[in-house]
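A short write-up of the structure that comes next.
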Amino acid sequence: MGFIMPSLKSVKWGVLLGVLLCLSCSARGEQNNIRFLEKNVRSNEQGLFLDAVVALRLSAEAEKALKSGVPLVWAMTVRVWRQREILWDKKIAEVISRYQISYHALMDVYRIKNEQSGTEKKFTSLQVALNEMGILNNIFITADRSIFSKKHYIFGVLFALDKERLPLPLRPVAYYDSEWMLTSQWDLWSFQK
């Protein structure tokens, strides 16, 4: 019996240490590098459109990777749910828009590319490029005519670094290093037509 007790104590301490490590990592990961400043959903006869302004700030590691030639792809996810009283909310639409920022050292410019439309813009300053990338206009959500009925809807938006689009050797680091936790919180709000 005496040989079991020391091993149980070490297991308890190991679990406690693991929990504390997870809590400290999650607290460090909340850097608030990305947040929504404005968001507006418009409806017309063609459907629903989103306009948003996102404040973006890169971590030191992400900026270093960008200046070393690693393009960073950002994904803006928009979801719409219809609220239901009896069952869980029904997902009506989900749209993902991607934006790429890259740095060209030879020309000393930052390039922003909208992957949906293919449009590109060039900037001489990283902050100006991030500000421009954060202005999102006319994002088409859905043409579903049922949205226009008198039902309650919930909108959610998320803006995050697409870690799957990083080079393969960098992905494991990006998933576990708090410097790469570049994501907003889900921003949810209600909408009633």
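For region 71-102, the list of chymotrypsin sites (Phe, Trp or Tyr not before Pro) that fall in a loop by DSSP and count at most 15 other C-beta atoms within 10 angstrom reads Trp88. Net length available on complete extension from Ser43 to Ser178 is 44.8 nm, with 0.36 nm assigned per residue and the Cα-Cα distance removed. Take the Cβ atoms of Gln127 and Ser190, set R0 to 45 Å, and the FRET efficiency comes out at 0.85. Under 5 Å from the amide H of Gln116 lie the amide H atoms of Arg98, each residue being 5 or more positions distant or on a separate chain, with H modelled from the backbone and absent for Pro and chain starts.
Hey, with R₀ at 22 Å, roughly what FRET efficiency would Glu120 and Glu94 work out to, going by the Cβ-Cβ distance, to 0.05?
Step by step, r from the Cβ atoms, then E = 0.30.
Pairs exceeding a 28 Å alpha-carbon distance, out of Lys39/Lys64; Lys39/Lys122; Lys67/Lys91; Lys39/Lys67; Lys90/Lys121: Lys39/Lys64; Lys67/Lys91; Lys39/Lys67; Lys90/Lys121. The order of the peptides 61-67, 184-190, 157-163 by mean Cβ neighbours within 10 Å, most packed first, is 157-163, 61-67, 184-190. For region 75-193, relative contact order (Cα pairs under 8 Å, six or more residues apart, normalised by length) works out to 26 percent.
Residue by residue, region 84-93 carries 3J(HN,Hα) couplings of 10, 6, 8, 9, 5, 4, 9, 6, 8, 8 Hz when phi is fed to the Karplus relation 6.51 cos²θ - 1.76 cosθ + 1.60 (θ = phi - 60°); x denotes Gly or Pro.
FYI, it's all coordinate maths here, none of it is from the lab. Given the structure is predicted, the values throughout are model-derived calculations rather than measurements. Note that we place each Cβ from the backbone using ideal geometry, even for glycine, and neighbour counts take in every protein chain shown.
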